[in-house]
Amino acid sequence: MTSDTDGDQTPRLELHGITKIYPSVIANEDVSLSVKRGEIHAVLGENGAGKSTLMKMIYGVTKADAGEMKWEGEVVQVENPAHARSLGIGMVFQHFSLFETLNVVENVALALPGNPDLKQLADQITEVSNRYGLPVDPGRLVHALSVGERQRVEIIRCLLQNPKLLIMDEPTSVLTPQAVRKLFDTLRQLADEGCSILYISHKLDEIQELCHVATVLRDGKVTGDCIPSEETPKSMASLMIGKELPVPEHSGSSEPGETRLQLNRLSKASDDPFGTSLEDIELEVRSGEILGIAGVSGNGQQELLYALSGEIPVNDADSIVICGTPSGRDLPDQRRGNGMGFVPEERLGRGAVPRMSLTENALLTAHRAGMLKRGMIQFDKIATFASKCIEDFNVKCGGAEHAANSLSGGNLQKFIMGREILLTPKLLVVAQPTWGVDVGAAAFIRQELIDLRNQGTAILVISEELEELFEISDRIAVIADGRISPAKKLADTNIDEIGVWMSGMWDQATPAEVVAHD
Amino acid sequence: MDSSILSSILFATIVAGTPLIIVALGQLIAEKSGVLNLGAEGMMAMGAIAGFAVTLHSGNPWLGVLAGMAAGIAMSFIFAVVVLTLMANQVASGLALSILGVGLSAFIGKPYESEILPTVGAIRIPLLADLPIIGDALFNQQALVYFSWALFAGITWFLYRSRPGLILRAVGESPSSAHSIGYHAIKIRYLATLFGGAMAGVGGAFLSVFYTPLWVEGMVSGRGWIAIALVVFATWRPFRVLVGAYLFGGVMVVQLFVQGSGLEINIPSQFLSALPYLATIVVLVIISRDQNTVRLNAPVSLGQPFRPEA
């Protein structure tokens with residue numbers, strides 16, 4: 001620890017009894033914490049535990065309803081982000097606050113006071129980026145940058161203001177493992193120079209590796225403080241979710257059966273100038289196996305999913321073969337008729353119709369399973385099916401007649417997963433199965449996917465969470481820049497190799513040079 | 001075609017394009033902040049009648065232009081309150097503003113329908129105006145023609161060289177990001193909308209005080225809509241607005257010339273009258289085909305309401 005090296009022991013930031021109430025939910029209740037100078041302080045909690053709201057109050061984006069904030073010993077009321085920055089608080093947002101059509105220098109200039117000269121600023125950016133190992137080209141437009149590069153721009157933007165406290169909101173969710181390591185080096189260097197860091201995450205291993213102190217939030221309340229290096233992931237998880245973390249059981253590799261999905265040199269030029277074109281994608285998913293596709297977002301996952309679901313059909317029918325039928329030109333309905341199930345990343349609008357009830361949403365894909373009789377809806381059957389989804393998948397909701405958009409993201413995801421899994425498709429394509437779902441529910445969904453595989457379904461999972469893919473996949477491949485790597489059996493690879501592959505480097509042999517370029 | 005005809009076509013083209021440039025550049029600023037104000041036609045009509053009436057009573061065309069500007073600002077202020085403070089739908093509110101402006105101007109303008117204003121003299125720039133063919137067209141013009149060029153230069157500099165312009169573009173792309181780094185997005189959108197209204201009013205006053213110079217109900221005749229279309233098809237870039245406006249003016253003048261020349265041609269006059277609208281849109285659609293240019297210049301948040309978090 002570096003926090004005790006200097007004489008001044010006044011905490012940099014103290015919160016006392018912070019409370020924030022939104023009309024339907026208490027986001028924070030009586031939260032207190034204290035951050036010393038040069039300390040990397042974790043705020044740990046599940047999605048919806050109130051971490052982001054707390055940070056927004058510190059940064060002046062929203063105001064607390066009750067409680068007191070002290071900055072370097074003085075009581076302050078942060079009026080707005082500009083005020084927070086003038087105090088020396090910088091924040092790197094989870095969803096970046098960069099402007100895509102502006103270049104790096106312009107983006108940085110917008111966050112600085114006064115009217116900085118853009119040429120000088122470009123030099124300053126280069127200097128800071130060299131000092132902290134954050135390579136970035138000041139002249140490039142932000143939309144052309146990778147997610148990792150965008151994050152570096154955000155960090156550099158904060159660093160140029162010489163912050164005394166840097167808030168990082170879920171910074172690693174979009175990074176390759178190598179980029180995470182580089183980020184940690186940068187953060188440690190900053191802390192050594194006396195900058196305090198508030199590090200928000202739900203990833204226990206990262207917090208153990210990086211943070212000096214952790215404050216744990218659950219349902220908006222502080223459930224404990226701990227020193228991560230003295231805890232186990234198990235003990236921190238129980239603070240975070242109130243019970244032990246269930247681990248999915250993977251019943252080893254069974255012999256996969258017939259091919260249910262085959263992609264033959266699938267190529268598709270993207271219509272979107274900022275999209276990614278698919279190039280010669282080849283893969284095969286067999287009955288009784290889970291194929292995981294890893295990759296940093298924006299590398300063609302969206303395009304691949306649209307081509308697979310049939311929302312954007314491709315010209316060559318043979319390039320997508322679903323359960324033996326060439327389906328490249330088929331529409332989503334025909335593909336589902338051939339035995340494919342599909343869970344998209346966006347739940348509202350693509351996975352479910354926001355204003356329709358859960359029952360009606362269940363009917364949308366389940367109408368093939370005997371819910372219709374001579375074109376008329378069998379309301380009793382569909383109601384039974386919807387209730388079964390709700391019960392089996394432990395969906396917290398007011399009832400099957402409630403609208404899809406009244407559910408929290410995690411609960412709706414459980415419902416949609418339930419709807420598709422209960423139909424026992426021959427082939428299931430899933431994007432981000434546990435995105436935004438709390439840790440307990442995520443483990444449950446993963447277990448259900450594994451059980452479905454054991455029943456003989458072929459499953460393709462596209463996810464940005466490497467840990468998840470390593471937990472459930474039989475084989476794993478990587479998508480990068482619209483191309484796909486060979487699929488490897490889980491036993492024959494490891495997180496490091498997949499991490500290197502995520503940079504698009506499965507053809508080259510030496511991983512060492514890859515690290516700097518993500 | 002002898003050079004005096006060419007010169008007068010060029011002269012008339014510049015004059016016809018001027019109100020479009022002024023109005024479209026004003027709308028460009030408003031749209032760059034993310035506000036889509038479809039009320040340009042109504043704001044121009046109000047600017048036209050206000051300018052006409054004030055000029056007639058005061059005898060001073062410059063007071064008329066100021067009055068037109070004030071009328072445009074007042075109209076856009078109504079719009080701004082409705083869509084920025086009350087969060088109403090921008091498209092519907094803009095259409096309503098158009099209908100309101102056209103109707104209200106006709107009502108106010110009833111007593112002025114038989115009046116005619118004295119012609120305002122041109123400003124001649126010595127030496128340059130003596131150039132052959134282009135001299136008269138470019139350098140012996142109404143003051144507002146020179147103003148439109150200054151406006152073009154000023155807006156180009158403002159958008160791409162100045163810090164407030166950078167902030168404006170940032171707000172138009174993502175008001176929530178701009179808010180989160182400390183800018184007052186609503187205030188910036190208000191100012192941009194009012195500027196758009198002011199320019200629409202000036203454009204309207206140009207028509208009734210300098211161009212015709214008289215007041216007829218419906219005299220704006222779709223120029224407000226053309227200005228809005230110009231901004232979109234010019235992919236929100238000032239230079240393309242300039243080109244599009246003169247193209248429209250040019251075709252307008254040429255078809256009037258053809259119609260009035262008594263040439264024996266078998267084209268219905270209605271088609272000729274529609275030609276400027278058609279030609280402008282076709283040409284601008286062709287130059288705005290490049291999706292990349294559109295994505296890089298279009299304000300992403302255009303038409304979307306923004307409410308900062310409490």
field: Potential lengthening between B:Trp225 and B:Ile281 on full extension [0.36 nm per residue; Cα-Cα distance subtracted]
entry: 19.0 nm
statement: Simple spin-label estimate for A:Gln189/A:Asn494, 7 Å along Cα→Cβ, in nm, reads 2.7 nm
- request: Report Rg/Rh for chain B, rounded to two decimals, where Rg is the Cα radius of gyration and Rh the Kirkwood radius.
  value: 0.99
message: Rounding to the nearest 10 and keeping the result within 0 to 90°, find how far the Cα-based axis of helix B:3-32 lies from the longest principal axis of chain B.
response: 10 degrees
- request: State, in angstrom, two size descriptors of the range A:273-424 derived from its alpha carbons: Rg to one decimal place and Dmax to the nearest whole number.
  value: 16.7, 47
Point-to-point label distance, B:Arg289-A:Glu258, nm (Cα→Cβ direction, 7 Å offset): 4.7 nm
query: Which FRET efficiency value, to the nearest 0.05, do you get for B:Glu113 and B:Phe77 by plugging their Cβ-Cβ distance into 1/(1 + (r/R0)^6) with R0 = 30 Å?
result: 0.60
message: Ranking request for peptides B:268-274, A:104-110, B:45-51: highest mean number of other beta-carbon atoms within 10 Å first, then the rest in descending order.
response: B:45-51, A:104-110, B:268-274
message: Can you pull out the trypsin sites (Lys or Arg not before Pro) in the range A:360-419 whose DSSP state is coil and whose Cβ has at most 15 other Cβ atoms within 10 Å?
response: A:Arg368, A:Arg374, A:Lys396
message: Please arrange A:Ile21, A:Ile479 by how many other C-beta atoms lie within 10 Å of their C-beta, fewest to most.
response: A:Ile21, A:Ile479
field: Cα-centre dipole for the range A:13-241 with unit charges at Cβ (Lys and Arg positive, Asp and Glu negative), debye to 20
entry: 240 debye
message: If each residue of separation counts as 0.36 nm, what is the full-extension length gain between A:His83 and A:Glu282 once their alpha-carbon separation is subtracted?
response: 66.4 nm
- line: Percent relative contact order for chain B, counting Cα pairs under 8 Å at least six residues apart, stands at 37 percent
Degrees between helix B:90-109 axis and first principal axis of chain B (Cα, 0 to 90, nearest 10): 40 degrees
query: With r defined as the distance between the Cβ atoms of A:Ala66 and B:Ile99 and R0 fixed at 41 Å, what FRET efficiency is calculated, to the nearest 0.05?
result: 0.25
- request: Take the Cα of B:Val258, step 7 Å along the line toward its Cβ, and report every residue of the range B:9-35 whose backbone nitrogen sits under 17 Å from that point.
  value: B:9-10, B:13
- line: Shielding of A:98-111 by other chains, given as the mean Cβ count within 10 Å, works out to 5
query: When you look at the Cβ of every residue in A:30-41, what mean number of other chain Cβ atoms sits within 10 Å?
result: 0
Cα-derived Rg to Rh of the range A:13-241, Kirkwood definition: 0.96
message: Could you list B:Met43, A:Met91, B:Met219, A:Met505 so that the one with the fewest beta carbons within 10 Å of its beta carbon is first and the one with the most is last?
response: A:Met505, B:Met219, A:Met91, B:Met43
- prompt: In peptide B:287-295, how many Cβ atoms from other protein chains are near each Cβ within 10 Å, on average?
  reply: 2
- prompt: Between A:Glu391 and A:Lys234, what is the FRET efficiency for a Förster distance of 22 Å, r being their Cβ-Cβ separation, to the nearest 0.05?
  reply: 0.15
Rounded to 5, percent antiparallel among DSSP beta bridges of the protein assembly as shown: 55 percent
- line: Among the range A:148-170, those whose backbone N falls under 13 Å of a label point 7 Å along Cα→Cβ from A:Thr10 are none
task: Would you be so kind as to identify all helices of chain A, as entire DSSP H runs, whose Cα atoms reach 20 Å or more along the helix's own axis and whose mean Kyte-Doolittle hydropathy is at least 0.0?
output: A:439-454
- request: Would you calculate a helix-derived [θ] at 222 nm for the protein assembly as shown, using -39,500 (n - 2.57) for each DSSP H run of n ≥ 4 and dividing by the full residue count, to the nearest 500?
  value: -14500 deg cm²/dmol
task: Taking the Cα centre of chain A as origin, work out the dipole magnitude from +1 charges on Lys and Arg Cβ and -1 charges on Asp and Glu Cβ, in debye rounded to 20.
output: 1440 debye
task: Considering Cα pairs under 8 angstrom that are at least six residues apart, work out the relative contact order of chain A and quote it in whole percent.
output: 14 percent
query: When the convex hull of the Cα atoms of the range B:145-210 is projected onto a plane and the area is averaged over all directions, what value comes out in nm²?
result: 4.8 nm²
query: Which of rounded, prolate, oblate describes chain A, given a ≥ b ≥ c as roots of the alpha-carbon gyration tensor eigenvalues and a/c under 1.5 marking rounded, otherwise prolate only if a/b is larger than b/c?
result: prolate
message: Based on alpha-carbon centroids, what's the gap between the range B:1-48 and the range A:448-513 in Å, whole number please?
response: 58 Å
query: Placing +1 at every Lys and Arg Cβ and -1 at every Asp and Glu Cβ, with all other atoms neutral, what dipole size does the range A:353-423 have around its Cα centre, in debye to the nearest 20?
result: 180 debye
message: Would you report the distance distribution of C-alpha pairs in the range A:353-423 as whole percents per 10 angstrom bin, up to the bin with the largest distance?
response: 23, 58, 18, 1
- request: Can you tell me the relative contact order of the range A:13-241? Whole percent, Cα pairs under 8 Å, sequence separation 6 or more.
  value: 29 percent
task: Treat the count of other C-beta atoms within 10 Å as a stand-in for reagent exposure and order A:Met236, A:Met356 from fewest to most.
output: A:Met356, A:Met236
- line: Note: B:Gln270 to B:Asn297 extended length (0.36 nm per residue) minus current alpha-carbon separation gives 6.2 nm
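Since every read-out is calculated from the coordinates, none of them should be taken as a lab result. Treat the numbers as computed from the prediction; the structure is a model and nothing was measured. Cβ atoms come from the backbone with ideal geometry, glycine included; neighbour counts cover every protein chain shown.
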